1. Please go through region 275-328 and give me each residue that is of a type in the set (Ser, Thr, Tyr) and within 18 Å of VAL219 (Cβ to Cβ), ordered by number.
2. Looking at VAL169, VAL140, VAL198 in this structure, which one is closer than 27 Å to LYS293 by Cβ and β-branched (Val, Ile, Thr)?
3. Regarding region 115-138, can at least one residue be identified that is aliphatic (A, V, I, L, M), surrounded by fewer than 18 Cβ atoms within 10 Å (Cβ to Cβ) and at pLDDT below 95?
4. When you scan region 222-266, how many residues do you find that are assigned to a loop (DSSP other than H, G, I, E, B), under 22 Å from ASN187 (Cβ atoms) and of a type in the set (Gly, Ala, Ser)?
5. Please verify whether ARG73 is assigned to a helix (DSSP H, G or I), of a type in the set (D, E, K, R) and touching a residue at least 60 places away in the same chain (Cβ under 8 Å), treating the condition exactly as stated.
6. From the list GLU211, GLU218, which residue is within 20 Å of the chain's Cα centre (by Cα), outside the structural domain of MET70 (by TED's automatic domain parsing) and of a type in the set (Asp, Glu)?
7. Somewhere in region 273-288, is a residue aromatic (Phe, Trp, Tyr), under 22 Å from ASN258 (Cα atoms) and touching a residue at least 12 places away in the same chain (Cβ under 8 Å)?
8. ILE118: farther than 26 Å from GLN50 by Cβ, in a helix (DSSP H, G or I) and either outside the structural domain of VAL248 (by TED's automatic domain parsing) or not aromatic (Phe, Trp, Tyr) (or both), yes or no?
Amino acid sequence: MSQDNDDFLQNLSGTQGASVTSLSQLWAKKYVQNLVEIDNVKRGRANTAQGLLYSLRSSGVNAWLVTESMLAREVQRHGIDPGLIDPWEISKDIHDIYKKLLSAYANDVIPRRFSLLISSDLGRIRRKWTKQDPRLISFVSMQFHHTGQELVGSISLKEKILFGEYLKVIDDHLYMPLQRAYEAAANHDYDSPPLAVVRHILPVSTKIAKEICQRVIEVYPNYRSKSGLLSDPSLQISSIRDVEMFQVYLWVCVLEGNMAAIQQELFPLCLMLYPTLRVSWELVRLMLYLMGKKIANLLGQEQATIFKPYFRELWSMFSPEVLPAIES
């Protein structure tokens, strides 16, 4: 061995060498520890998914009891044919979606990727139920929501946060006509003015929704719906989703060139759900006012002329002349 090599080894065993070695070992241990933690997280997700899969059926049964108790009165009030509401078929659709969700969660498929993978299935389910009666989607979406609430009751707070991202994907696709919006957009040329309006606003729709919900909380700090205060974290999530839902329905109308989506789906859905959830029409109108003002400000004058006729129609449907401030 050469003298240079001897000196090198001696340096390693010296004070300076010991410091370098110590730092290197710390870094190596940190790297290995990170791998161990990643493996533990993956195993944890897989174990959680397996446990939730075992309880999925019972969670679905319990969820249906809640869904039915909340909407039974509305079925009679709105004259919905009870024969169209097949709890077994609805539960089967929800069960199949949850199995795919749990598989994605267990295999660490990121929520954005999961959204792409599941969107066509959810679009099919949406079309299936809205085709019979658009109001039936309320049963499907609420059944999914309450099944999720039953499931997450048994997992840790950290996992609830992670799992919640996957629940939101399903929630968004069931409440919002996203697939219908995609299909309507496909019928437009790339430089179509209506499509340009939607492309301009859609990327900031969540930001718009968050700002509007925050403003509504400021105006109604003590307002309490059936689910709690508007400022409650869980209620903020659903409120933001609802504001996004109104936006997506509006964009479907812009892209389709008519108000059918709002008239046939959104409006009846709101009439069924909001009184049940103790959401006042005054609150809805404030949200709509803020939404219309915000979107108009973000659009140029030319694009705003495309948007405003549809918004005026939407506003008129929820006006005090149609929906009084005091609900029965």
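1. If the condition is that a residue be of a type in the set (Ser, Thr, Tyr) and within 18 Å of VAL219 (Cβ to Cβ), then SER280, TYR289 are the ones that fit.
2. Within the list VAL169, VAL140, VAL198, the selection yields VAL198.
3. Within region 115-138, one or more residues are aliphatic (A, V, I, L, M), surrounded by fewer than 18 Cβ atoms within 10 Å (Cβ to Cβ) and at pLDDT below 95.
4. At the first step, the residues of region 222-266 found to be assigned to a loop (DSSP other than H, G, I, E, B) are 222-223, 226-227, 230-232, 257-259.
If we keep only those that are under 22 Å from ASN187 (Cβ atoms) as well, we get 257-259.
Keeping just the survivors that are of a type in the set (Gly, Ala, Ser) gives 257.
Matching residues across region 222-266 total 1.
5. Taking the combined requirement at face value, the residue satisfies it.
6. Working: GLU218 fails: within 20 Å of the chain's Cα centre (by Cα).
Selected residue: GLU211, the only one of GLU211, GLU218 that is within 20 Å of the chain's Cα centre (by Cα), outside the structural domain of MET70 (by TED's automatic domain parsing) and of a type in the set (Asp, Glu).
7. Scanning region 273-288 turns up no residue that is aromatic (Phe, Trp, Tyr), under 22 Å from ASN258 (Cα atoms) and touching a residue at least 12 places away in the same chain (Cβ under 8 Å).
8. So ILE118 fails the test.
The values are calculated or read from the model by the stated rules, or taken from the named source; none is laboratory data. From a predicted model like this one, the values you see are computed outputs, not experimental measurements. Don't worry about glycine lacking a Cβ; one is built from the backbone with ideal geometry, like all the others, and counts go over all protein chains shown.
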